[in-house]
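Read the figures in this text as sums done on the coordinates, not as results from a lab. The shown structure was predicted, so the numbers you read here are calculated from the model rather than taken from an experiment. Heads up, the Cβs are rebuilt from the backbone with ideal geometry, glycines too, and the neighbour counts pull from every protein chain shown.
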Amino acid sequence: MNLILKVWRQKNGQVKGRFETFEAKEVSPEMSFLEMIDLLNETLTQQGIEPIAFDSDCREGICGMCSFVLNGVPHGAQYQPGSAVCQLPMRHFKDGDVLTLEPWRAKAFPVVKDLVCDRSAFDRVIAAGGFVSVNTGGCPDANAIPVRKQDAERAMDAAQCIGCGACVAACKNASAMLFVAAKVSHLATLPQGQIEARERVLNMVGQMDAEGFGNCTNMYECQAVCPKEISVDFIAQMNREYLKAAR
Amino acid sequence: MSLNANIPSGPLAEKWDKHKFDLKLVNPANKRRFSMIVVGSGLAGASAAATLAELGYGVKCFCFQDSPRRAHSIAAQGGINAAKNYPNDGDSIQRLFYDTIKGGDFRSREANVYRLAQISNQIIDQCAAQGVPFAREYGGLLENRSFGGALVSRTFYARGQTGQQLLLGAYQALERQIGLKTVQMFPRTEMLDLVMVDGQTRGIVTRNLLTGRVESHAADAVVLATGGYGNAFYLSTNAIGCNATAIFRAYKKGAFFANPCYTQIHPTCIPVSGDHQSKLTLMSESLRNDGRVWVPKRKGDPRSPDQIPEADRDYYLERKYPTYGNLAPRDIASRAAKQVCDEGRGVGPGGRGVYLDFTEAIERLGKSGVCERYGNLFDMYQRITGEDPYQFPMRIYPAMHYTMGGLWVDYNLMSNLPGLYVIGEANFSDHGANRLGASALMQGLADGYFILPYTLSDALARAGQTKITTDHPEFKKAEKDVQNRLQKFLSIKGKRTVKSFHRELGTLLWENCGMSRNAAGLRKALARIPEIRAEFWRNVNVLGEKEELNQTLEKAGRVADFLEFGELLVQDALHRSESCGGHFREESQTDEGEAKRDDANFSYVAAWEHAGDGKPAVLHKEPLTFDAVQLAARSYK
Ligand SMILES: Cc1cc2nc3c(=O)[nH]c(=O)nc-3n(C[C@H](O)[C@H](O)[C@H](O)COP(=O)(O)OP(=O)(O)OC[C@H]3O[C@@H](n4cnc5c(N)ncnc54)[C@H](O)[C@@H]3O)c2cc1C
Ligand code: FES
């Protein structure tokens, strides 16, 4: 099949960007979305046009590196919910489709080039408290602290966040609540995370605000596009943790 | 030059404790005066950088992704081994040690492997304390499963996302230190050269991938934790960015490259569907706990799998290896799959696939039981293939997966270059000729959390420190070399894309140096690689500029290194005319077609020294001795 792609091109963070139109030819349904762009980039290179810059690494939906908005929705979640764009096969499209590709748009995620943006704000939020303070060595036997199976499962549901930033990109307030809530809830659900629960939530939320992310107004767009389908229930849990801590 | 592995004396079980006692310590107040560079922030790099910083050293850590949380380690699905014996099924340090030595086909060092088995238990404690949400039993204790090559359940896991959770644990420990300003993190920064001053490793040259700035960093020691080189084969289960550049640049500065031909093919991947593909997807080996592998008995049987009755199916792993059955180790299961496909009994498009069937497991555990164990893997399979694995058996085929070769290191994880340490998949040390499942995560974390911080301190305590800055002429020279090389890529302006060269090299390696090899094929590849390389330097097309984000330029550098490294890999494979582990040499097989090892002639580590461009590498041998285990034919029957 052949497709029309309208792609955001921006040389760097200092200059203005614009949409450019390309034709992707001989796309087969087995390709992944990123392989389709690879193919287009090969053709562009042959024509002396600089290839489209986009991030990816694992290409199996787990590293959180790939990140762009497809026809208005992060990761193209309208075509296949619960997956990152690297896992989206071209099977979902048909000949002649017109597709628009844009980078994540949020003040806290400045555009670096084309579809690539800077998500280091997330790392700084983790550095502010998203951990259990244990040094290496001298830890108790892993079975010395039993964890309820239900708690371990719930912690895992939150912990599987891949930190891609789709939640921010989908939110009209560019809020990072789902990301931060996932980490806060992961650790707050486990006995190992209790000791620092109070400082953790205060520090992480403080950093989130400092980075320029907006607030949550319960639109649930984040949950709808999350490639790991992380539930907004965790935002409620984070709010409870925050209230407990701030008291 | 003789290779001294520096293995401590004394009984195997006491070596590490004795060694730790003999290691010199650095006075806490002096630690902050030492600086270290850790290249890589996967399991090995992040755990090492965090631990070194906790001890008080000043650490700079580098990765090419935008965040350390995205290192390739994140993709590991199945699990991590430890000899805890929680399930009370007969496991012990000794047994984990033995399984690993045997699994590696007696081509790894006894002392290293024993230490790995000892440390394995501490890793689980460490990670649980960090809040890694390992799977639990209803009573709240940790749950285990079994993996290929083992008859005990010693694998700890976090759904199908163990690597992710372990890496997030290490990443959080690292971010904690970054927050405390004891680690300076350099994401989107690629190491492009190693700097030696007076025979000591004193730093690296990097390129900032966003601005293109080439910079030098000096330190008292350099640690490479840069992962494996499986992407030399173009198609592999590795992340797109995985590459050999850091270790290959170090090789060119004098570090020995050990056993480059030891690569692992993984038996349970989604088969190749076309030449558009950029990578292959692994289906965790843990699936073989409950899935049964089969092909039709008859060649070219056209029926759909549910129409083929039991009597017409060949459960070939259960038939050939009754003790281990579907849990036969990776090399054995891979080769067996290739054999049935070569016989024309493969399934799916192109006949390069075998069934992995869960019908029986679904009857036994119910769909929900199977879903609880493997749900996300089933989803992933369905997403990629468009088929429902609850309805039809999965189709799988072997793919390039992991590299056991890497830079040579001694017992202290130091290379032959003083001050250069290599950890995780980037070194060659613990897996021999074949890695058993769930052992790479164990090794990466053992190296990073529990071995390197001790052994590195010892070297610093002994060597003291001479101050050096990046103004030193060696840094300036290395920077210039890097700049020239980058400029060269951009100036060629040829007709072919970087990717087309990568694919051509990869296909050549897979066909001639993949699951099975012979001298004729290897010679053919050795003749062809220099031709591809020559064309690359004449005809590659790299657009864009040096001083900006330029992904093609990044790839060009990596592929250029693969084009040289590929030759070393094939040269190593050609010289090792025995079959061992994942490396099946057609000239060396038993009457039954099983791999035949040649202990009399090949019981050594092959460590290659760079002899100058255009000259063949020089072979050094580290003999392997086995005191605690008896060398035996590796049987899983
Ligand atoms: C799909 C898959 C599943 C797997 N499943 C399992 C499993 O279940 N159990 C198991 O034990 N093992 C598994 N493995 C193997 C295991 O994941 C890897 O061997 C291990 O994670 C490697 O860790 P590492 O820290 O050595 O390297 P990596 O995680 O690859 O990290 C490399 C780091 O080096 C950096 N880097 C590389 N080159 C440069 C450079 N030139 N400059 C700067 N930075 C650089 C990267 O940015 C990255 O941070 C799996 C592997 C794959 C591919
Ligand atoms: S590339 Fe890793 S999640 Fe998409």
- request: Using amide H atoms built 1.01 Å from N in the peptide plane, name the residues 5+ places from A:Gly76, or on other chains, whose amide H lies under 5 Å from its own.
  value: A:Leu70
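Tell me the net charge near A:Glu20. Cut-off is 9 Å between Cβ atoms, A:Glu20 excluded, with +1 for each Lys or Arg and -1 for each Asp or Glu. Could you put the intermediate results ahead of the total?
Numbers: positive: A:Lys6, A:Arg9, A:Arg18; negative: none.
After counting each charged neighbour, the total is +3.
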task: Tabulate in residue order the Karplus-calculated ³J(HN,Hα) for the range A:10-26, using 6.51 cos²θ - 1.76 cosθ + 1.60 with θ = phi - 60°, rounded to whole Hz; enter x for Gly and Pro.
output: 8, 5, 6, x, 8, 9, 7, x, 7, 7, 10, 9, 10, 10, 9, 10, 6
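Summing Lys, Arg as +1 and Asp, Glu as -1, what charge do residues with Cβ under 10 Å from the Cβ of B:Lys299 carry, B:Lys299 excluded?
Working: positive: B:Lys297, B:Arg298, B:Arg345; negative: B:Asp301, B:Glu343.
Cβ neighbours under 10 Å give a net charge of +1.
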query: How about the range B:415-458: which chymotrypsin sites (Phe, Trp or Tyr not before Pro) there are in a DSSP loop, with at most 10 other Cβ atoms within 10 Å of their Cβ?
result: none
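Contour minus end-to-end for B:Thr507 and B:Asn30, with contour as 0.36 nm per residue of separation and end-to-end as the Cα-Cα distance?
Values: separation 477, 0.36 × 477 = 171.72 nm, distance 5.15 nm.
Result: 166.6 nm gained on full extension.
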- prompt: Calculated from DSSP H runs of 4 or more alone, at -39500 (n - 2.57) each and per residue, what is the 222 nm mean residue ellipticity of the protein assembly as shown, nearest 500?
  reply: -11000 deg cm²/dmol
query: Going by the alpha-carbon gyration tensor, a ≥ b ≥ c the square roots of its eigenvalues, is the range B:325-458 rounded (a/c under 1.5) or, if a/c is not under 1.5, prolate (a/b greater than b/c) versus oblate?
result: prolate
- prompt: Taking the Cβ of A:Val116 as the center, what net charge do the other residues with Cβ under 9 Å away carry, scoring Lys and Arg +1 and Asp and Glu -1?
  reply: -3
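What FRET efficiency comes out for B:Arg319 versus B:Asp599 if R0 is 25 angstrom and r is the Cβ-Cβ distance? Round to the nearest 0.05. Write out the running numbers ahead of the final one.
On the way: r = 29 Å, r/R0 = 1.15.
It comes out at approximately 0.30.
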- request: Determine the percent antiparallel among the DSSP beta bridges restricted to the protein assembly as shown, to the nearest 5.
  value: 70
- prompt: Does anything in the range B:584-609 have its amide N under 16 Å from the 7 Å Cα→Cβ label point of B:Phe626, and if so which residues?
  reply: B:595-605
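Calculate, for A:Lys6 and B:Glu545, the FRET efficiency according to 1/(1 + (r/R0)^6) with r their C-beta to C-beta distance and R0 22 Å; round to the nearest 0.05. Display every interim value, and only then the final one.
On the way: r = 25 Å, r/R0 = 1.12.
Taking R0 as 22 Å, the efficiency between A:Lys6 and B:Glu545 is 0.35.
Placing unit charges on C-beta atoms (Lys and Arg positive, Asp and Glu negative, everything else neutral), compute the dipole magnitude of the range A:96-247 about its Cα centre in debye, rounded to 20.
On the way: 16 positive and 17 negative charges, 76 e Å.
Taking the Cα centre of the range A:96-247 as origin, the dipole is about 360 debye.
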message: Compute the helix-to-body angle for B:519-539: its Cα long axis versus the longest principal axis of chain B, expressed 0 to 90° and rounded to tens.
response: 50
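Normalised by the residues of chain B, what does the relative contact order come to in percent, with Cα pairs under 8 Å and at least six apart?
On the way: 1380 pairs, mean separation 129.3, N = 637.
Computed value for chain B: 20 percent relative contact order.
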Amide H contacts under 5 Å for B:Met196, placed H, 5+ residues apart: B:Arg202
query: How much length, in nm to one decimal, is gained on full extension between B:Asn88 and B:Glu535, taken as 0.36 nm per residue of separation minus their Cα-Cα distance?
result: 155.0 nm
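What ranking of B:Asp66, B:Asp17 emerges when the number of other C-beta atoms within 10 Å of each C-beta is taken as an exposure proxy, fewest first? Provide the component values of the computation, followed by the final result.
Working: B:Asp66 24, B:Asp17 13.
Ranking B:Asp66, B:Asp17 by Cβ neighbours within 10 Å, fewest first, gives B:Asp17, B:Asp66.
Inverting the mean 1/r over all pairs of different Cα atoms, compute the Kirkwood radius of the range A:120-171 and quote it in Å.
Numbers: mean 1/r = 0.0715 Å⁻¹.
14.0 Å is the Kirkwood radius here.
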Most positive-pole-ward Cα, B:Leu287, B:Tyr324, B:Ser334, against dipole of the range B:277-350 from beta carbon charges: B:Ser334
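To the nearest 0.05, what FRET efficiency results for B:Lys297 and B:Lys637 with a Förster distance of 25 Å applied to their C-beta separation?
Working: r = 21 Å, r/R0 = 0.84.
About 0.75, to the nearest 0.05.
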message: If you fit an axis through the alpha-carbon atoms of helix B:498-513 and take the longest principal axis of the Cα set of chain B, what angle between them do you get, 0 to 90°, nearest 10?
response: 60
- request: Give me the angle, in degrees from 0 to 90, between the Cα long axis of helix B:110-130 and the longest principal axis of the Cα atoms of chain B, rounded to the nearest 10.
  value: 90
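Dipole magnitude of the range B:530-634 about its Cα centre, charges +1 at Lys/Arg Cβ and -1 at Asp/Glu Cβ only, in debye to the nearest 20?
On the way: 12 positive and 22 negative charges, 16 e Å.
Rounded to the nearest 20 debye, it is 80 debye.
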message: Please list, ordered by chain and number, the residues whose modelled amide H lies under 5 Å from the amide H of B:Gly437; skip anything fewer than 5 residues away on the same chain.
response: B:Gly148, B:Arg330
task: Would you please classify the overall shape of the range B:414-483 from the alpha carbon gyration tensor, given that a ≥ b ≥ c denote the square roots of the eigenvalues, rounded means a/c under 1.5, and beyond that prolate means a/b larger than b/c while oblate covers the rest?
output: oblate
task: Considering the options A:Phe213, A:Thr189, A:Asn135, tell which one lies farthest towards the positive end of the dipole of the range A:125-247, charges being +1 on Lys and Arg and -1 on Asp and Glu at the Cβ, about the Cα centre.
output: A:Thr189
A:Asn239 paired with B:Gln382, simple spin-label distance in nm, labels 7 Å along Cα-to-beta-carbon: 3.2
message: Which of rounded, prolate or oblate describes the range A:186-231 when judged by the alpha-carbon gyration tensor and an a/c cut-off of 1.5?
response: oblate
field: Distance histogram in 10 Å bins (all Cα pairs of the range B:582-637, percent per bin)
entry: 18, 36, 31, 13, 2
- request: Calculate the spin-label point distance for B:Glu137 paired with B:Lys20, positioning each point 7 Å from the Cα along the beta-carbon direction, and give it in nanometres.
  value: 2.8
statement: Rounded to the angstrom and largest first, Cα extents along the principal axes for the protein assembly as shown equal 73, 70, 64
task: Express in nm, to one decimal, how much length is gained between B:Asp613 and B:Lys181 on full extension, taking 0.36 nm for each residue of separation and deducting their alpha carbon distance.
output: 151.4 nm
task: Can you pull the one-decimal nm distance between simple spin-label points at B:Asp198 and B:Ala13, each 7 Å off the Cα toward Cβ?
output: 4.6
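Treating only the Cβ of Lys, Arg, Asp and Glu as charged (+1, +1, -1, -1), what charge dipole size does the range B:198-313 show about its Cα centre? Round to the nearest 20 debye.
Numbers: 14 positive and 10 negative charges, 54 e Å.
Computed about the Cα centre, the dipole is about 260 debye.
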